[in-house]
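Below is one structure, written out as structure tokens; the observations come after it.
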Amino acid sequence: MAPHYNILVLPGDGIGPEVVREGTQLLSEVASLYGFQVEFEEGLVGGASIDAYGKPLTAPVLKLAKQSDAVLLGAMGGPKWDGLDYAIRPERALLALRQELGLFANLRPAKLFSALLSASTLKPEVVKGTDLLVVRELTGGIYFGEPKGVTRLPDGTERGVNTEVYTTPEIERIARVAFEAARKRRKKVTSVDKANVLEATELWRRVVTRVHREDGYGDVELEHILVDNCAMQLIRNPKQFDVIVTTNLFGDILSDEAAMLTGSIGMLPSASLGGKVGMYEPVHGTAPDIAGKDLANPLATLLTVALMLRHSLDQGEAASRVEQAVEMVLEEGYRTADIQDPGCRLVGCKEMGRLVRERIEKLS
Ligand code: IPM
Ligand code: MG
């Protein structure tokens, strides 16, 4: 019998729905070409859920997520909901999903397609050959640490607190993910911390070093680098990096920086793993300014679908085919507005999605 997968689709807000639509169409196409079945269930999250139910994530949607084989997510948030209390902001849904599904490992591969060499704001000779993977810890650190919140002091001023917390097991498991990932790549891990100032990341450095030594990862090279230096090295010489493993907050920041090496944040996919169900989302946000105008770049979502095929659906060959098709369309000169260059063939979100599906059919 053909394998059958249940995918929960959470389009979210802004450009989320339009890029996710291209993602599900791609999945259906790939499923029929590679002989498996996908069934989609759709739910509201983020601002869309706030408008309908008064909160960013409802219990039925969370339940559907837990029962699915994988979750395909668009993006959440937008100016409309910015004024809301922290506890019910759209972004809370994302954090809750990550936590509830136990998705402690966030993989964000930043690979430059050679056709996009001139799309980056950096010099071509600097970004050429960039192919790195940010492994971001996703359910710990300052995003979740207690105490947190804003309190009013007796003198009428306020005090805001967030806490960076990491425990040994949290660091061990993300370090292992990074070492394992490096083994399948160029066998180098750069662990990023601020060990010269922050105790929590001094522990991070110690534990990563110990896991490397005690768990038999001697075949993988390990180096440590301070986050400020890493931010600089990423734009000075990105080729030096293979796998970067880092904390939740540093990973958030460095992965946006890494995205720009590839030309546009509209190109960066991500996979969140660690629990029974994987969650897949493009790294870009909701881009409210271009939402609903068929201007968004769907390629990050299509590459995200490739990650889903590889990590959750056991369809590695189909995943590689998707990546090849994206490369092919770029080589042929098709570009969405965010990556356009002189002489390119400018297309919208739908057309870009269609072109990739068409190439996959040819390649398969
Ligand atoms: C990301 C985003 C989220 C994060 C926001 C939307 C909560 O920036 O996935 O990188 O900070 O993790
Ligand atoms: Mg971010």
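Throughout, read-outs are computed from the coordinates displayed, never taken from laboratory work. Model, not experiment: these values are computed from the prediction. For neighbour counting, all protein chains shown are included, and Cβ atoms are generated from backbone atoms with ideal geometry for every residue, glycine included.
Annotations for the structure displayed:
- DSSP-assigned coil residues among trypsin sites (Lys or Arg not before Pro) in the range 220-313, each with at most 16 further Cβ atoms within 10 Å: 276, 293
- When the GluC sites (Glu not before Pro) in the range 281-340 are filtered for DSSP coil states and for at most 15 other beta-carbon atoms within 10 Å of their beta-carbon, the remaining sites are 332.
- Scanning the chain for long hydrophobic helices, with DSSP H runs required to stretch 24 angstrom or more by C-alpha along their axis and to average at least -0.5 on the Kyte-Doolittle scale, returns 16-34.
- The per residue volume of the convex hull around the alpha-carbon atoms of the range 3-104 is 95 Å³.
- Net charge of Cβ neighbours under 11 Å - reference residue 76; Lys, Arg +1; Asp, Glu -1: -1
- Across the range 129-195, counting alpha-carbon atoms alone, Rg and Dmax equal 17.5, 57 Å.
- Long pairs among 184/350; 187/239; 184/239; 293/350; 188/239; 128/187, criterion Cα-Cα beyond 22 Å: 184/350
- Neighbourhood net charge (14 Å Cβ-Cβ; Lys/Arg +1, Asp/Glu -1) for residue 231: -3
- Gap separating the Cα centres of the range 279-312 and the range 42-103, nearest whole Å: 16 Å
- Across the range 244-364, the convex hull enclosing all Cα atoms gives 122 Å³ per residue.
- The alpha carbons of the chain stretch over 61, 50, 48 Å along the principal axes, in descending order.
- For residue 80, the aspartates and glutamates whose Cα comes closer than 19 Å to its Cα, not counting residues fewer than 8 places off in the same chain, are 13, 18, 51, 91, 289.
- Both the radius of gyration and Dmax for the range 310-364 are 12.4, 39 Å, in that order, over alpha-carbon atoms.
- Selected from 183, 206, 159 as most flexible by GNM, with the chain as the system and alpha-carbon contacts under 10 Å: 159
- Comparing mean-square fluctuations of 298, 17, 124 from a GNM of the chain with C-alpha springs under 10 Å, the top value falls on 124.
- Under 12 Å, Cβ to Cβ, from residue 24 - net charge with Lys/Arg +1 and Asp/Glu -1: -4
- For the range 27-161, alpha-carbon Rg relative to the globular expectation (2.2 N^0.38 Å, N residues): 1.41
- Volume per residue that the Cα convex hull of the range 1-51 spans, once the total is divided by residue count, Å³: 51 Å³
- Globularity index of the range 121-261 is 1.16 (Cα radius of gyration / 2.2 N^0.38 Å, N = number of residues).
- The chain: relative contact order as a whole-number percent, Cα under 8 Å and 6+ apart: 21 percent
- Share of Cα-Cα pairs in the range 257-328 lying beyond 21 Å, as whole percent: 30 percent
- Helix-only mean residue ellipticity at 222 nm for the chain, each DSSP H run of n ≥ 4 adding -39500 (n - 2.57), per residue, nearest 500: -13000 deg cm²/dmol
- Counted over the range 175-334 with a bin width of 5 Å, the fraction of Cα pairs per bin, in whole percents, is 2, 8, 14, 18, 20, 17, 12, 6, 3, 1, 0.
- Modelled spin-label separation between residue 33 and residue 213, with each label point placed 7 Å from Cα along the Cα-to-Cβ direction: 4.9 nm.
- Counting DSSP beta bridges with both ends in the chain, the antiparallel % (nearest 5): 35 percent
- Which of 116, 344, 211, positive extreme of dipole for the chain (C-beta unit charges): 211
- Residue 5 long-range amide H proximity, modeled H, under 5 Å: 37, 38, 39
- Most fluctuating residue given options 337, 87, 75, as computed from a GNM of the chain linking Cα atoms under 10 Å: 87
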